[in-house]
């Protein structure tokens, strides 16, 4: 009998400690909910844009392969910048000024160089990956123009917002780890899609396309020379640590795009799903980014250690992500159905859309927790900065997992023919 009473008592103590931790994190939770709500709205803007450019997707085959990678790369780069700035604030190293050698100035340079170099990389790898799936694509020059011009324009906007957000967080005491990734990843969705669409207008004019592609390649060569030989050592270190992740992570995004391309004809019959997919994928990555950024900061300041078995603070952070995720995925499904009705796009029934988003969320949340935790822990064990790897890894994994989960649930439920 005594043993039976110990279990409930111990459980009650743990529940009390959990509630106490959540109460202590009320401000952070409010900030995270506000950031997720704002980023969900931005994700739906991206979804409406994606659902509205069907003609462009048909005219430029293979563009749907590039879109998730281009969008995801903005979130990878800028999300990692937000995580590093958040750690800089936590360690007392952040200064709200672009002083040479300072945390903010270094990260701005990393953002600019990475934006150009990764955009060229995406243009190079998109075509062979699409061909491996049997998909025809536009020419290499088209891909360079669309990827580099659109990606760089979007990066400039997102980088500016990231800097403003970091300065405001520093001055007003916000938890940058909780607010930066949701806003940055969703802003990447909202800004990158229109920027890519603008770039397609240039790509459709042959002379302008060739000239623009040549300028983009020249800009890439200059960025590479700067990154290798002229940038500060602190910038080179960040770029070197991120190089492997930024080379491999886009492949997951391109695979996600290839999945969408394979289902393009089916998605046309229920175009409302194109409104659902961007915010769902964005928030899956944002939740993982919140977890990764918070764990990265905790590892740097010594609150947790890089253990294979998560410690209590890490488990509690995971519980916060689960609670936020269950709520946000349900809201996304309901809002996607409502927007489909308002915009007049063919869509699944309300219960199918809301239930499908919720079930897909149940599928991706365990992946979010496992990848988010071990991406931070493994990089820390190798003596690397978790902020350089955690957000890029988790957002790219969730891009692919999110698309696959939505398509799987909608196929098995009979929504997709």
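Here are some notes:
- FRET E, pair residue 34, residue 206, Förster distance 60 Å, beta-carbon r, rounded to 0.05: 0.80
- Footprinting exposure proxy ranking of 84, 309, fewest other C-beta atoms within 10 angstrom first, gives 309, 84.
- Shape category assigned to region 153-220 from the gyration tensor of Cα positions, a/c cut at 1.5: prolate
- The overall shape of region 195-348, judged from the alpha-carbon gyration tensor, is oblate: a/c is not under 1.5, and a/b is no greater than b/c.
- Region 190-259 and region 298-339 have their alpha-carbon centroids 31 Å apart.
- On the beta carbon distance between residue 100 and residue 384, with R0 = 22 Å, the FRET formula returns roughly 0.35.
- Per the Kirkwood formula applied to alpha carbons, region 27-412 shows a radius of gyration over Rh ratio, Rg over Rh, of 0.96.
- For the pair residue 140 and residue 217, label points projected 7 Å from Cα toward Cβ lie 0.7 nm apart.
- FRET efficiency, residue 312 to residue 132 (Cβ-Cβ, R0 41 Å, nearest 0.05): 0.35
- Near-label residues of region 274-304 by backbone N, under 12 Å of a point 7 Å along Cα→Cβ of residue 334: none
None of the figures in this text is laboratory data; all of them are computed from the coordinates on show. Treat the numbers as computed from the prediction; the structure is a model and nothing was measured. Every residue, glycine as well, gets a Cβ built from its backbone with ideal geometry; the counts of neighbours run over all protein chains shown.
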